[in-house]
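Written out below as structure tokens is the structure these notes cover.
Nothing in this text is a laboratory measurement; each read-out follows from the coordinates by a stated rule. These figures come from a predicted structure and were not determined experimentally. Cβ placement follows ideal geometry from the backbone for every residue including glycine, while neighbour counts extend to all protein chains displayed.
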Amino acid sequence: MLLAPAIVLSNTHERGNTILSDKISSESDRIQQGRVIKGNVCVRCVCNKRFKYIKNFMPEKSYTQFGHYKEFRYPVLTLMKVLDKKERLTPAQSLFMADKKPKEELYDIVRDPFELNNLYQDPNYENVLLDMRGQLNEWISETKDMGNYDPDDPQEIEEKRWKKYGDKWKERGIDPREDNSELYLEWWEKELGITEN
């Protein structure tokens with residue numbers, strides 16, 4: 001968590017260290033990171049100068065799963081959904097639109113800086129996978145990481161989100177529970193002043 005010089009944690013189950021801490025050695029050959037969005041995403045990662053290992057604790061959730069904030073702020077996501085439906089994305093772009101994520105991901109970030117070739121099932125990288133998986137598990141244990149623990153009720157979280165965003169959706173004339181990405185793309189085009197040539 002980069003919240004230095006002050007770290008403010010709103011809940012007792014949230015933990016983190018600033019990357020500016022004196023405790024982190026300049027000789028460190030690895031870094032851990034994570035991403036948690038209540039009820040939607042839990043990802044942990046460890047990487048070194050050559051490889052990145054990612055553990056997806058909710059692989060059943062897609063990279064582009066519905067999220068009010070994303071839908072409101074990222075017009076390109078709507079465009080990608082439309083292009084995906086029309087099968088106009090490249091194979092690399094289509095990876096991001098998959099229905100679910102792999103449980104684990106391993107990338108050679110030197111040879112594959114865009115992380116397109118997942119090596120986690122490649123037997124040539126089995127030792128790297130086992131080592132990095134072990135490093136991540138060790139870090140989770142050492143830090144008592146609780147990222148995969150969510151004390152809140154997912155249904156209650158979603159109800160709060162709908163309460164926050166419901167009127168905003170009505171203003172846009174969109175019901176996000178329906179498959180209407182083409183209609184929403186038209187809204188974005190008008191909003192951004194985009195016209196096709």
field: Ascending count of other beta-carbon atoms within 10 Å, so fewest first, for 182, 104
entry: 182, 104
- prompt: When the chain is fully extended, how far beyond the present Cα-Cα distance does residue 121 get from residue 96, taking 0.36 nm per residue of separation?
  reply: 7.1 nm
Within straight-line cross-link reach of residue 144, lysines at Cα separation under 29 Å, skipping those fewer than 8 residues along the same chain: 23, 38, 49, 52, 55, 61, 100, 101, 103, 160
- request: Could I have the simple spin-label model distance between residue 141 and residue 74, label points 7 Å from Cα toward Cβ, reported in nm to one decimal?
  value: 3.4 nm
